[in-house]
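Following: one structure in structure tokens, then a few remarks.
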Amino acid sequence: MSKITLDLFRFDPAVDEEPRRERVDIDFPDTSTVLDALEYAKAEVDGSISFRRSCRSAICGSCSMNINGVTGLACKTPIREVMRADNSVKIDPMPNFEPMKDMVVHMDPFWDKYARLKPYLQPADKDEDHERERRVSPEDMKKLVAVANCVMCATCYALCPVVSVDPSFAGPAAIAYAYRFIEDTRDSKQQERIAQISDDYLWLCAHCYACSYCPKHVDPHDRIIDTKRRSIAVGQTDAPGPRHALVVAKTIKQTGMLAENEVIAGTIGRFNFRGLLKVMPLGLRMASKGKIPPLFMHPVQKVEEIRTIFESMEVPVA
Ligand code: SF4
Ligand code: SF4
Ligand code: FES
């Protein structure tokens, strides 16, 4: 047994005007999980402590919360791994969500983005046209298995800095799930699905890798890259996001460096005079500070090595 202090976020909108903190002391084995400790505190100390949970086995996705500043599943987090020097553990609701009561949050924005995907198969033909179920080859299935493990815990969504500044961004889980249907050979709506997830700001992802901390190893960030690549492969390139990706790759492959003038023109669109006029004041301010990038760039030494990397990674280029 160890003396453990749970430093809890408490908020009940029925009685509290502002969130407050409460420290709850328990005698509990530090070999247990954070969820076990919360369950004990609720059963033995204060029955009003609120949090979501169900399976206790990292399957249902209910118990994601912020533990010492890092969001993760409470049922998968051993207490002794997160206990601070004073034997306390700080527990808060997931960030990027509005608290409902204590560690329980309003999940609606997360579910709304998921529902927009139409997260079910939409085959071109009818079930009755098939004698048996529709088959997927093991090779094609391999692409979908990791995403199918997603338990919709929203840990990745809570960790995403882009969601925190722009709540209209679909977020990592929704994009990963879009990928799961885009790559499913039984589905017939690939173009529509790519268009929909692009409308939900697929290209806003800043590739910070924060969502790589996924308790089910879905690696949503890698699926975001796959989805972007797929959208370019099927020709959905007439938007600032894909144009930016393609022109950045092109200039680096050509010279080994980022040709910023070309990137700006390529992203906005060379004949988009209104868009180019909009960035003109920024360009003039940069020029007045001597920060205008060179108009022509010579390839760096060993640029061939850079080109070989691009080719080996099959990076799409404008
Ligand atoms: S991708 Fe991972 S972190 Fe995100 S909702 Fe699914 S299981 Fe949770
Ligand atoms: S990699 Fe993209 S989706 Fe993932 S946390 Fe960073 S910005 Fe968000
Ligand atoms: S209780 Fe189900 S994932 Fe933690």
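Structure values in brief
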| read-out | value |
| --- | --- |
| Packing-based order for 147-157, 220-230, using average beta carbon neighbours within 10 Å, highest first | 147-157, 220-230 |
| Qualifying chymotrypsin sites (Phe, Trp or Tyr not before Pro) for segment 232-309 [loop in DSSP, other Cβ within 10 Å: at most 12] | PHE271, PHE296 |
| Listed residue pairs exceeding 27 Å between alpha carbons, taken from LYS113/LYS253; LYS142/LYS228; LYS228/LYS250; LYS216/LYS253 | LYS113/LYS253; LYS216/LYS253 |
| Estimated FRET transfer efficiency (ASP108, VAL234; beta-carbon r; R0 22 Å; 0.05) | 0.10 |
| Low-density loop positions, trypsin sites (Lys or Arg not before Pro), segment 235-304 - DSSP coil, at most 16 other Cβ in 10 Å | ARG270, LYS289, LYS291, LYS302 |
| Ranking of SER54, SER64 by count of other Cβ atoms within 10 Å, fewest first | SER54, SER64 |
| The chain, Rg to Rh (Cα coordinates; Rh as Kirkwood inverse mean 1/r) | 1.06 |
| 222 nm mean residue ellipticity, helices alone, for the chain (DSSP H n ≥ 4; -39,500 (n - 2.57); rounded to 500) | -12000 deg cm²/dmol |
| Local electrostatic count, CYS214, Cβ distance below 12 Å [Lys/Arg +1, Asp/Glu -1] | +1 |
| Cysteines, the chain, no other Cys beta-carbon under 4.7 Å | CYS63, CYS75, CYS150, CYS153, CYS160, CYS205, CYS208, CYS214 |
| Spatial separation of Cα centroids for segment 287-318 and segment 99-169, in angstrom | 37 Å |
| Ranked GLU39, GLU17, criterion: other C-beta atoms within 10 Å, fewest first | GLU17, GLU39 |
| Where only alpha carbons of segment 204-318 are counted, the Rg and the Dmax (Å) | 16.6, 51 |
| Alpha carbon centroid spacing (whole Å) that separates segment 176-199 from segment 32-93 | 35 Å |
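Since every read-out is calculated from the coordinates, none of them should be taken as a lab result. Only a predicted model underlies this, so the values are computations on that prediction, with no experimental measurement involved. Backbone-built Cβ (ideal geometry, glycine too); neighbour counts: all protein chains shown.
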